[in-house]
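The values are calculated or read from the model by the stated rules, or taken from the named source; none is laboratory data. Only a predicted model underlies this, so the values are computations on that prediction, with no experimental measurement involved. Glycine also receives a Cβ, built like all others from the backbone with ideal geometry; neighbour counts cover every protein chain displayed.
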2 protein chains.
Amino acid sequence: MYTCFTLDSLNHDLQPWIDRLRAGDPRALARAISTVENRAPGWSELLKALFPHTGKARIIGMTGPPGAGKSTLVDQLAKHYRKENRTVGIIAVDPTSPYTGGAILGDRIRMQDHFSDPGIYIRSMATRGSLGGLARTTADVATVLDASGRDLVMIETVGVGQDEIDIVRLADITVVILVPGMGDDVQTIKAGIMEIADIFVINKSDREGAERVEREIRAMQSLATRSDHWTPPIVKTVASEGTGVKELAAAIAQYEAFLQKENLVLEHNIHNWQERLLEMLRDAMLDKARGHLTDGQVTRYAAEVAEHRRDPYTLVEEIVGKLESGKP
Amino acid sequence: MYTCFTLDSLNHDLQPWIDRLRAGDPRALARAISTVENRAPGWSELLKALFPHTGKARIIGMTGPPGAGKSTLVDQLAKHYRKENRTVGIIAVDPTSPYTGGAILGDRIRMQDHFSDPGIYIRSMATRGSLGGLARTTADVATVLDASGRDLVMIETVGVGQDEIDIVRLADITVVILVPGMGDDVQTIKAGIMEIADIFVINKSDREGAERVEREIRAMQSLATRSDHWTPPIVKTVASEGTGVKELAAAIAQYEAFLQKENLVLEHNIHNWQERLLEMLRDAMLDKARGHLTDGQVTRYAAEVAEHRRDPYTLVEEIVGKLESGKP
């Protein structure tokens, strides 16, 4: 049988912390996000306790290639929502290495802009090692922001890889940001993200080539229809000047209304949770496997394989077999 | 104890297949790659049988942002190596969705160019679902190409995300391709890949801004030294005209010589296998977990969580606990 490893002392501390967090205390929020992000002791109990308070925030994923001006657009959209008195949490997933400190620096620069407004909370997350499950951690941080009572949570990712797709897939609404003059691979990028985009933005649309990008999106859309029959609109923006931000907010509201009208909200959520549960299961299984292996063992195994004294495929089967038999 | 599920009939068939593959038969090679890529029956036995024949190929990872001209550069480099009578395998990891057929189409177009030369073998791989372990599959396909006797295996990835970093990290040599005029996020990209680049290429270096990119790389390099004290050289190319390709090959050879001289080859391999073994272990554990869960169960669990009738964190702990106790 499964045994629950509840830390009693932790649970006693938990309620006042959660109360402060839900009352909007930024320090309680920051501490909760750090706990979840770093998998610090008690992170799992914290998420369990926060989960019943979630489900109210709208999660918006914003992704696109480097140089598309995502941060600027996200900041502008946040300001727009603040004018409507809605509170915003921003998670900026940044491929900058933690060693260079880029994420923290970026946070500070961006926070300055909104410093006087506690209604906007920005948190940058650096990419983890290959096994860290960034998509999962991002989703967990979004859960914390949701529980803290934010009306909107925006997840901003740089890049167009699978990682970014995994991250934005967990959002309720996915905005894909393109930009004129992306070069040879523009076809490739667009093909890869056609399926995840609920709304397209052509940012820097005052530049030459904006019409071409629009035509290409339309051409791609004519090739395939979505199973829900939604045709992602294309919004043109110049984020640095605030142009088109209102129209983007309107497109987001329109898609939300569509989901409501077609009763797709729950279906959408179930689909997201299918993905997310498997992701969580994968991480939990790996944690378990890692718990049975010391770093020394991993290094020794790696040396045996590197020296061709052992084949890695049989080795992994043996490790899994041992874990399963409970005799590590 | 672990029990080996060897398919005897498969093993009988395996040897002639492997013999043909090692003799350079392109159909045997293509079938082996498909078996591994699709995890078709026998993939694991095949890799076990091929592993002793690996370790001879040099694995070169080539990555960079969309529009950097990677395919063109990889093709040019392949032609260069063919002039030296070295055989080449290319794995193009393509974020194009499998639904659009972009990967297959790209393969055909590129293969036409090399059609008359069996010394170049190109295989495109599309990204998988979130749990497919693209880095692992790519590494396995590289293993097949290595066993087939290719002198060089080039892994080409589009993008700058964690996924791409995981993929190129498994290479012996990593080439990062930049291009002038990448826009606002150029700092971000470069920070993220500084640690993985053994060689930098500035492609399309006849464009304005090439010197600026070079200065920026130099500035970044001055901030941090690598633990092995190698300073990644910067090679300028115009791949579409073949300019700088010879110099890139020379830089690659120089780095290889450095690794040999400093006795870093084995150390490098051990480090790579540490990452790769954990990646393999993660996938194997997930397969095991998935084997105990039907699609129906996953959907039901997802619905319970989406409707907030259950918290996902406790749920996953329970599933893992049940798997561990052997009573699913």
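On the stretch given as the range B:308-323, residues that are within 7 Å of chain A (Cβ to nearest Cβ), charged (D, E, K, R) and out of contact with any Phe, Trp or Tyr (no Cβ under 8 Å at 6 or more places or on another chain) total 0. Screening the range A:263-284 for residues that are in contact with a Lys or Arg (Cβ under 7 Å, 6 or more places away or on another chain) and farther than 17 Å from A:THR143 by Cα and picking the one that is nearest to the other protein chains (Cβ to nearest Cβ) gives A:ARG282.
Say whether the condition of being at pLDDT 90 or above and within 7 Å of chain A (Cβ to nearest Cβ) is met by at least one residue in the range B:247-262. Within the range B:247-262 (the criterion being at pLDDT 90 or above and within 7 Å of chain A (Cβ to nearest Cβ)), the answer is no, since none of the residues qualifies.
When the range A:290-306 is filtered for residues that are without any contact (Cβ under 8 Å) to a residue 12 or more places away in the chain and either within 7 Å of chain B (Cβ to nearest Cβ) or among the polar types (S, T, N, Q) (or both), the ones remaining, listed by number, are A:THR294, A:GLN297, A:VAL298, A:THR299, A:ALA302, A:ALA303, A:VAL305, A:ALA306. State yes or no: is A:GLU256 crowded, with 20+ Cβ neighbours inside 10 Å, in contact (Cβ under 8 Å) with a residue 60 or more places away in the chain, acidic (Asp, Glu) and out of contact with any Phe, Trp or Tyr (no Cβ under 7 Å at 6 or more places or on another chain)? It is false that A:GLU256 is crowded, with 20+ Cβ neighbours inside 10 Å, in contact (Cβ under 8 Å) with a residue 60 or more places away in the chain, acidic (Asp, Glu) and out of contact with any Phe, Trp or Tyr (no Cβ under 7 Å at 6 or more places or on another chain). Taking (1) surrounded by fewer than 19 Cβ atoms within 10 Å (Cβ to Cβ); (2) within 25 Å of A:TRP43 (Cβ to Cβ) in turn, A:ASN272 satisfies each apart from (1).
Would you pick out the residues in the range B:234-253 that are in contact (Cβ under 8 Å) with a residue 40 or more places away in the chain and not in a loop (DSSP other than H, G, I, E, B)? Once the filter is applied, which keeps residues that are in contact (Cβ under 8 Å) with a residue 40 or more places away in the chain and not in a loop (DSSP other than H, G, I, E, B), the range B:234-253 yields B:ALA239, B:SER240, B:VAL245, B:LYS246, B:LEU248, B:ALA249, B:ALA251, B:ILE252.
To keep it simple, each residue is scored yes or no on (1) in a helix (DSSP H, G or I); (2) in contact with a Cys (Cβ under 7 Å, 6 or more places away or on another chain); (3) crowded, with 17+ Cβ neighbours inside 10 Å.
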site: B:PHE200; (1), (2), (3): no, no, yes
site: B:LYS204; (1), (2), (3): no, no, yes
site: B:GLU208; (1), (2), (3): no, no, no
site: B:GLU211; (1), (2), (3): yes, no, no
site: B:ARG215; (1), (2), (3): yes, no, no
site: B:ARG218; (1), (2), (3): yes, no, no
site: B:SER222; (1), (2), (3): yes, no, no
site: B:SER227; (1), (2), (3): no, no, no
site: B:PRO232; (1), (2), (3): no, no, yes
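So which residues in the range B:205-243 are at pLDDT 85 or above and hydroxyl-bearing (Ser, Thr, Tyr), if there are any at all? Within the range B:205-243, B:SER205, B:THR231, B:THR237, B:SER240, B:THR243 qualify. Of all residues in the range A:43-70, those being at the interface with chain B (Cβ under 8 Å from one of its Cβ atoms), farther than 30 Å from A:ASP19 by Cβ and polar (S, T, N, Q) number 0.
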